[in-house]
Amino acid sequence: MSNATLELVTRFESLFNSRDLDAIMACMTDDPVFEHVAPPSASVGRHRGRAAVRAVFESLEQHFPDYTLEMTDIFATGSRAACQYTLRWRQPDGSEGSARGADLFTIRDGKIAEKLTYATL
């Protein structure tokens with residue numbers, strides 16, 4: 001299962017740069033959980049269900065204009081995976097903002113059931 005888990009999580013993370021929310025959500029179970037700690041201006045915390053998780057993903061461009069996500073390391077074992085990344089975006093003054101982060105995943109039935117995101121801004 002590790003190869004399938006790794007392929008799923010790699011595809012999922014790569015989709016954020018395409019902004020294709022339908023494809024992103026297609027990688028998730030019908031009852032996903034998403035937990036995040038940044039940005040402070042967003043409704044941080046634990047979000048449950050497709051509508052709640054999608055709403056957070058839809059708000060990314062608002063909080064991180066013109067963002068790009070670069071995976072720096074990714075691995076999987078069984079139904080678990082982890083990805084380190086760097087997120088870059090355009091600040092209001094035109095300069096570049098960046099954050100390093102890690103996503104921890106739990107896979108169920110070939111889809112992402114849980115995504116826990118921790119980042120430093």
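The values are calculated or read from the model by the stated rules, or taken from the named source; none is laboratory data. All values derive from a computational prediction rather than experimental measurement. Don't worry about glycine lacking a Cβ; one is built from the backbone with ideal geometry, like all the others, and counts go over all protein chains shown. Note: areas computed on protein heavy atoms with side chains; ligands, DNA, RNA excluded. Shrake-Rupley method; radii C 1.70, N 1.55, O 1.52, S 1.80 Å.
Against the definition (closer than 24 Å to Ser98 by Cα and touching a helix residue (DSSP H, G or I) at 6+ places or on another chain (Cβ under 8 Å)), how does Phe12 come out, yes or no? Steps first, please.
Numbers: closer than 24 Å to Ser98 by Cα: yes; touching a helix residue (DSSP H, G or I) at 6+ places or on another chain (Cβ under 8 Å): yes.
So Phe12 fits the description; yes.
The set of residues in the range 72-89 being polar (S, T, N, Q) and either touching a His at 6+ places or on another chain (Cβ under 6 Å) or in a strand (DSSP E or B) (or both) consists of Thr72, Thr77, Gln84, Thr86. So is Leu60 surrounded by 16 or more Cβ atoms within 10 Å (Cβ to Cβ), among the hydrophobic types (A, V, I, L, M, F, W, C), out of contact with any strand residue (DSSP E or B) (no Cβ under 6 Å at 6 or more places or on another chain) and at pLDDT below 95 or not? Judged against the criteria, Leu60 is a match.
Please determine whether any residue of the range 52-71 is of a type in the set (A, V, I, L, M) and part of a loop (DSSP other than H, G, I, E, B). It would help to see each step written out before you state the result.
Looking only at the range 52-71, we keep the residues that are of a type in the set (A, V, I, L, M), and these are 52-53, 55-56, 60, 69, 71.
Then drop every residue that is not part of a loop (DSSP other than H, G, I, E, B), which leaves none.
Checking the range 52-71: not a single residue is of a type in the set (A, V, I, L, M) and part of a loop (DSSP other than H, G, I, E, B).
Yes/no per residue for (1) over 22 Å from Leu121 (Cβ atoms); (2) not hydroxyl-bearing (Ser, Thr, Tyr):
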| residue | (1), (2) |
| --- | --- |
| Leu8 | yes, yes |
| Asn17 | no, yes |
| Thr29 | yes, no |
| Ser43 | no, no |
| His47 | no, yes |
| Tyr67 | no, no |
| Gly78 | yes, yes |
| Arg90 | no, yes |
| Glu96 | no, yes |
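Residue count for the range 49-63 under the criterion of being under 13 Å from the mean Cα position of the chain (by Cα) and under 18 Å from Thr120 (Cβ atoms): the result is 1. The set of residues in the range 91-120 that are more than 15 Å from the chain's Cα centre (by Cα) and either surrounded by fewer than 14 Cβ atoms within 10 Å (Cβ to Cβ) or more than 20 Å from Pro65 (Cα to Cα) (or both) comprises Gln91, Pro92, Asp93, Gly94, Ser95, Glu96, Arg108, Asp109, Gly110. Tell me, which residue of the range 27-45 that is out of contact with any Leu (no Cβ under 9 Å at 6 or more places or on another chain) and at pLDDT 95 or above is most open to solvent (accessible area, probe 1.4 Å)? Here the answer is Asp30.
Just give me the residues in the range 77-121 being closer than 14 Å to Met28 by Cβ, of a type in the set (A, V, I, L, M) and in contact with a Lys or Arg (Cβ under 8 Å, 6 or more places away or on another chain), in sequence order. Scanning the range 77-121 gives a single hit, Ile107. If only residues of the range 78-90 that are over 11 Å from Thr68 (Cβ atoms) and open to solvent by less than 20 Å² (accessible area, probe 1.4 Å) are counted, the one that is nearest to the chain's Cα centre (by Cα) is Cys83. Scanning the range 59-84 for residues that are touching a helix residue (DSSP H, G or I) at 6+ places or on another chain (Cβ under 7 Å) and within 17 Å of Ser18 (Cβ to Cβ) turns up Tyr67, Leu69, Met71, Cys83.
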